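For reference, the structure is listed below as structure tokens.
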Amino acid sequence: GGSAGSAAGGGAPAEPSPVKRQRVPWQPEEEAALRKGVQRHGAGGAWAKIRTDPEFQAILSRRSGTQLKDKWRNLVMHGHVSIEEMGANVTTEALAAAAAKRSRSKNA
């Protein structure tokens, strides 16, 4: 027989859960730099370019590309970004999705 009383994980100690980063609120100058960065570089996968742009690097140095993407998505979804700010790289699908989400949230 052999394994009839052993623990399911083989007796190894449980992995400690990763430490969550402290949430740092966005500052107005960070949001302004993100907006300018999207106007310059677009929003489609250009988050690393925005972070490393010499004009925004010092301001956005503590933000990851994922944080930039998520902040931009939230600004768009909640109607805090104008079509002009979205820049030329925004797709009509992205505009339609943002408009649909805004109208659903207003009707809820």
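The values are calculated or read from the model by the stated rules, or taken from the named source; none is laboratory data. Predicted model, so just to flag it, every value in this text is computed and none were measured. Cβ atoms come from the backbone with ideal geometry, glycine included; neighbour counts cover every protein chain shown. Only protein heavy atoms, including side chains, enter the accessible area calculation; ligands, DNA and RNA are left aside. Shrake-Rupley method; radii C 1.70, N 1.55, O 1.52, S 1.80 Å.
Some points to look at:
- Here Lys69 is the anchor, and the aspartates and glutamates within straight C-alpha reach of less than 20 Å, apart from those fewer than 8 places off in the same chain, are Glu29, Glu30, Glu31, Asp53, Glu55, Glu84, Glu85, Glu93.
- Glu55 - accessible surface, heavy atoms, 1.4 Å probe, Å² rounded to 10: 90 Å²
- Spacing of the two label points (7 Å from each Cα toward its C-beta) at Arg73 and Ala58, in nm: 3.1 nm
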